[in-house]
Amino acid sequence: MTTILLPQADGSLNKYQLSNEAPVLAPENPEFNRIAYAAAHVVVDPLRQGSSWLDKPSIDWEATMAFRHHLWSQGFKIAEAMDTSQRGMGVDWPTAKELIHRSLDEARAVDGADLAAGAGTDQLSVADVQSLDDVVAAYEEQMDAIESKGGRLILMASRALAAVAQSAEDYIRVYDRLLNQAQDKVILHWLGDVFDPALKGYWGSEDIGLAMGTVLQIIESNREKVDGIKISLLSKEWEVELRNRLPDGVKMYTGDDFNYSELIEGDGEKYSHALLGIFDAIAPAASAALCKLAKGDTKGYRDLLEPTVPLSREIFKAPTQYYKAGVVFLAWLNGHQNHFVMAGGMQSAREITHYSRVFQFADQAGLLRDRSMAVTRMQSLLAMYGVN
């Protein structure tokens, strides 16, 4: 059996023995009875970074598009240019716009491929925002860039709006204007401050119950324009409450990377669809599990998906905004890219013991598709930290 020395939090080294179980594979021609979006990461080109790479990285478009083909082949829709792709944390709007356009072009050449793209306000400097009109104009620019190419919208939460809005009424005013002019139904996006501290008090209140009342008012007033809402508060209780209060026909998309297994399964009456960053990292297991669920095999679903939850909770631990590092780390271990470098050097945002735990949990969940390659790559990373 293969073993590897993994560093522990107390500075010691622990001999870890890898599983002998075969890795989990997605079924051929997967079919789900839940809508499942995977928020996909980008692959940078580490050899073409200039002095501005901290905020304008060079992207390896071939590897980035290849990863989208991987997700489509596993049965997933793609949520493009979301925070998983380091949007607003290393990837600027011009790069995100090119990413969206390239992915839309790529999807047209793939049978059954589908995606929706994030429209936000990240071309604005928050310090320079003077009014709600500035926020609306920024949203409109990005909405037009997506819709003019035939794309569907995910209205991302806006740091600029959180900074300038004075009340719940300001949020209502902005979202009413945006939804009124959207060409098709959109997915709303409620990202909690655990993911982005700049979004504290979104929807006009730090009280989740009051904020929920505001977003429900927006949805009720624009029901014909709202496909659903993605909620990422890492609280299954709040998600279930909002899910139970949504108008008929409006979908709940879980963004809860701690509790997704039970939320997608549902409570026997209602369930959540999914728009998850963790699906980037656990695609084969999630695909296989969702196929089991579609066939009514809840035990098979749980047996496949629940072992991924400890991995996800480690990847999304506080400070949660650095979860992208774990996602890209697994893509590297599994051969989807030939390096572990991220936009803005964000691979350094997590400690080596974190990567050791991610490696271990991924192995236990059957998510290392070539253990020999994964061990070799993990050892190369450990060597940089003095572990030989």
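The table that follows gives values for the structure above.
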{"quantity": "Test: residue in the range 37-54 that is surrounded by 19 or more Cβ atoms within 10 Å (Cβ to Cβ) and more than 30 Å from Leu124 (Cβ to Cβ)", "calculated": "no"}
{"quantity": "Neighbours by Cβ (under 6 Å, 6+ apart or cross-chain): first from the range 360-380, closer than 18 Å to Val328 by Cβ and in a loop (DSSP other than H, G, I, E, B); second modelled with pLDDT of 95 or more and polar (S, T, N, Q)", "calculated": "Ala365/Thr308; Arg369/Asn334"}
{"quantity": "Residue list for the range 111-149, filter: more than 19 Å from His41 (Cα to Cα) and assigned to a loop (DSSP other than H, G, I, E, B)", "calculated": "Asp111, Gly112, Thr121, Gln123, Leu124, Ser125, Val129, Gln130, Ser131, Ser148, Lys149"}
{"quantity": "Test: residue in the range 19-26 that is out of contact with any Lys or Arg (no Cβ under 7 Å at 6 or more places or on another chain) and of a type in the set (Ser, Thr, Tyr)", "calculated": "yes"}
{"quantity": "Arg357 vs. criteria open to solvent by 20 Å² or more (accessible area, probe 1.4 Å), within 29 Å of Asp303 (Cα to Cα), of a type outside the set (Phe, Trp, Tyr) and in a loop (DSSP other than H, G, I, E, B)", "calculated": "no"}
{"quantity": "Unique residue being closer than 24 Å to Glu241 by Cβ and open to solvent by less than 10 Å² (accessible area, probe 1.4 Å) when the list is Gly268, Gly277", "calculated": "Gly277"}
{"quantity": "Any hit, the range 25-37, residues being over 22 Å from Tyr301 (Cβ atoms), among the charged types (D, E, K, R) and either assigned to a helix (DSSP H, G or I) or modelled with pLDDT of 95 or more (or both)", "calculated": "no"}
{"quantity": "Options Phe329, Phe279; residue that is over 14 Å from the mean Cα position of the chain (by Cα), among the aromatic types (Phe, Trp, Tyr), modelled with pLDDT of 95 or more and part of a helix (DSSP H, G or I)", "calculated": "Phe329"}
{"quantity": "Total residues in the range 221-247, condition open to solvent by 60 Å² or more (accessible area, probe 1.4 Å) and closer than 19 Å to Asp184 by Cβ", "calculated": "3"}
{"quantity": "Matching residues, the range 25-34, being hydrophobic (A, V, I, L, M, F, W, C) and open to solvent by less than 40 Å² (accessible area, probe 1.4 Å)", "calculated": "Ala26"}
{"quantity": "Neighbours by Cβ (under 6 Å, 6+ apart or cross-chain): first from the range 306-323, without any contact (Cβ under 8 Å) to a residue 60 or more places away in the chain; second small (Gly, Ala, Ser) and part of a helix (DSSP H, G or I)", "calculated": "Glu306/Ser261; Thr308/Ala285; Val309/Ser261; Leu311/Ala362; Ile315/Gly326; Tyr322/Ala349"}
{"quantity": "Residues within the range 168-213 that are open to solvent by 40 Å² or more (accessible area, probe 1.4 Å) and touching a Lys or Arg at 6+ places or on another chain (Cβ under 7 Å), tallied", "calculated": "5"}
{"quantity": "Top-ranked residue in the range 1-24 [being free of Cβ contacts under 8 Å to residues at least 60 places away in the same chain and outside any loop (DSSP other than H, G, I, E, B); ranked as surrounded by the fewest Cβ atoms within 10 Å (Cβ to Cβ)]", "calculated": "Lys15"}
{"quantity": "Matching residues in the range 301-326 - criterion: being assigned to a helix (DSSP H, G or I), touching a helix residue (DSSP H, G or I) at 6+ places or on another chain (Cβ under 7 Å) and open to solvent by less than 10 Å² (accessible area, probe 1.4 Å)", "calculated": "Tyr301, Leu305, Thr308, Leu311, Ser312, Ile315, Ala325, Gly326"}
{"quantity": "Test set (1) assigned to a helix (DSSP H, G or I); (2) surrounded by 17 or more Cβ atoms within 10 Å (Cβ to Cβ) - Glu98 fails condition number", "calculated": "(2)"}
{"quantity": "Candidate set: the range 56-87, residues that are in contact with a helix residue (DSSP H, G or I) (Cβ under 7 Å, 6 or more places away or on another chain) and in a loop (DSSP other than H, G, I, E, B); chosen: the one surrounded by the most Cβ atoms within 10 Å (Cβ to Cβ)", "calculated": "Ala81"}
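Matching residues to (1) closer than 23 Å to Asp257 by Cα; (2) part of a helix (DSSP H, G or I); (3) aliphatic (A, V, I, L, M):
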site: Glu206; (1), (2), (3): yes, no, no
site: Gly209; (1), (2), (3): yes, yes, no
site: Gly213; (1), (2), (3): no, yes, no
site: Ile218; (1), (2), (3): no, yes, yes
site: Glu224; (1), (2), (3): no, yes, no
site: Asp227; (1), (2), (3): yes, no, no
site: Ile231; (1), (2), (3): yes, no, yes
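The values are calculated or read from the model by the stated rules, or taken from the named source; none is laboratory data. These figures come from a predicted structure and were not determined experimentally. With ideal geometry, Cβ positions are generated from the backbone for all residues, glycine too; neighbour counts draw on all protein chains shown. With ligands, DNA and RNA removed, areas are computed over all heavy atoms of the protein, side chains included. Shrake-Rupley method; radii C 1.70, N 1.55, O 1.52, S 1.80 Å.
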